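In what follows, a single structure is set out as structure tokens and then discussed.
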Amino acid sequence: MRLQSRMALLSHWARCRHTSVNRCYSVILGSVLASAALSVSAESQHYDVYVSNERSGDVTVIDGSTDAVVATFPVGKRPRGIHATPGGKRIFVTLSGSPRMAPGVETERAPADKAADGLAVIDPIERKLIDRWHVGSDPEQFAISKDGKFAFIANEDDASALIVDLSSGQSRGKVKVSEEPEGMGVNPGNGEVYVTCEEKGEVFAIAPDEQRVLAKIDTGGRPRSVAFLPDGSRAYVACENGGYVAVIDTASHKLVAKIQLSEGSLPMGTAMSTDGTELFVSTGRKNTVVVIDPRTNAVSATVSVGTRVWGIALSPDGSKLYSANGASDDVSVVDVKACKESKRIKVGSGPWGVTTVQTGK
């Protein structure tokens, strides 16, 4: 019995030892896999921020991991609207040879250099200009189709929306809208293109494949930009002179609400969070970015940023927001969770637009 007991104890010890070793290996392997996953995740989340500087005619590149400027290069006259294609293989920025008309400053418009109008093509890997296409007349804002094949460009001088093939730079059609088209947006749900027209306070919904106007929505208030809920059911239009954000039901193409902002707000740029729970709106010379809850159509926060804020964009993970501050020549970095500006980054002269692109570097 004593021998059998010893044998049983030895057998039990061996099994425990084997189990402990396996557990040890499991813990080590788990740690290695977790570290690798975090490394891959960090790598895949690396992104750059591209800022169009209207007065200096160049683009500034900011490393999203350090929020430091890593490059600046010339692109042409008056770069404004700037966007990346889905997947981030190319970045495009509109150029204009028409002189700037600052409110209350210039009284006569100088002759336009129409040869300078166009679309600049940027390689985000090399961080440099690789081409310029002559497209449209005084192009300002634009949007890119969901498949990344086409750009829809607002032509201010021509009261039209131009459709451009992004593989060649060739025009594929034009849709007439109203005077002074500016903001462009693509509905993520059905691909319809929305064009904001400043002069008469109108928004046009366009079927891009058929190249025709589906509806005209009166918003008033000089509409400047548009953002959509992720499912495309609502459009939010920043109306500068009205000091409000117009809410449009996209199924009926009807105005359903106006979200009034605080006195002195001049709503300009818009950006929607990927989950649709927060809408960010820049307020121009009010020097703030407001946060709106689309579920309640109420302002939930206000963040002070730089001077005369226009274009805004979120980081790929939604943790930071970048604002182009046109009069202070810098970009504000906003901590979205804390609703607070965390940094200011000096860029070129007259920053206008901003976009982020994931690089995987």
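The values are calculated or read from the model by the stated rules, or taken from the named source; none is laboratory data. Just so it is clear, the structure is predicted and the values come from calculations on it, not from any experiment. Cβ coordinates were reconstructed from backbone atoms using ideal geometry, including for glycine residues, and neighbour counts include every protein chain displayed.
Answer with yes or no whether S137 is in a loop (DSSP other than H, G, I, E, B), closer than 21 Å to G76 by Cβ, in contact with a helix residue (DSSP H, G or I) (Cβ under 6 Å, 6 or more places away or on another chain) and in the same structural domain as F228 (by TED's automatic domain parsing).
On the way: in a loop (DSSP other than H, G, I, E, B): yes; closer than 21 Å to G76 by Cβ: yes; in contact with a helix residue (DSSP H, G or I) (Cβ under 6 Å, 6 or more places away or on another chain): yes; in the same structural domain as F228 (by TED's automatic domain parsing): yes.
When the stated conditions are applied, S137 passes them.
For G185, state whether it is in a strand (DSSP E or B), of a type outside the set (D, E, K, R) and under 21 Å from the mean Cα position of the chain (by Cα).
Criteria met by G185.
Would you please name the residue that is surrounded by the most Cβ atoms within 10 Å (Cβ to Cβ), looking only at residues in the range 185-215 that are of a type in the set (A, V, I, L, M, F, W, C) and either more than 19 Å from N155 (Cβ to Cβ) or touching a helix residue (DSSP H, G or I) at 6+ places or on another chain (Cβ under 8 Å) (or both)?
A215
Within the range 314-361, which residues are over 14 Å from the mean Cα position of the chain (by Cα) and among the acidic types (D, E)?
Scanning the range 314-361 gives D329, D330, D335, E341.
For the range 240-291, list the strands (runs of 3 or more DSSP E) that sit wholly inside it and hold at least 3 residues that are under 29 Å from G350 (Cβ atoms) and assigned by TED's automatic domain parsing to the domain that holds T219; which are they? Working first, answer last.
Working: elements: 244-249, 254-260, 270-272, 279-282.
Output list reads 244-249, 270-272, 279-282.
Condition check ((1) out of contact with any Ser or Thr (no Cβ under 9 Å at 6 or more places or on another chain); (2) within 21 Å of E198 (Cβ to Cβ)) across all residues:
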position	(1), (2)
D218	yes, yes
A227	no, yes
S233	no, no
A238	no, yes
N241	yes, yes
D249	no, no
I259	yes, yes
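If you check A271, A301, which single one turns out to be more than 20 Å from F142 (Cα to Cα) and either surrounded by fewer than 18 Cβ atoms within 10 Å (Cβ to Cβ) or within 20 Å of the chain's Cα centre (by Cα) (or both)? Don't jump to the end; show me each part of the working.
Numbers: A271 fails: more than 20 Å from F142 (Cα to Cα).
None of the others qualify; the one that does is A301.
Six or more apart or on different chains, Cβ atoms under 8 Å: show the pairs whose first residue is in the range 268-281 and at pLDDT 95 or above and whose second is among the acidic types (D, E).
So the pair list comes out as M268/E240; M272/E278; G276/D231; T277/D293; E278/D293; L279/D293.
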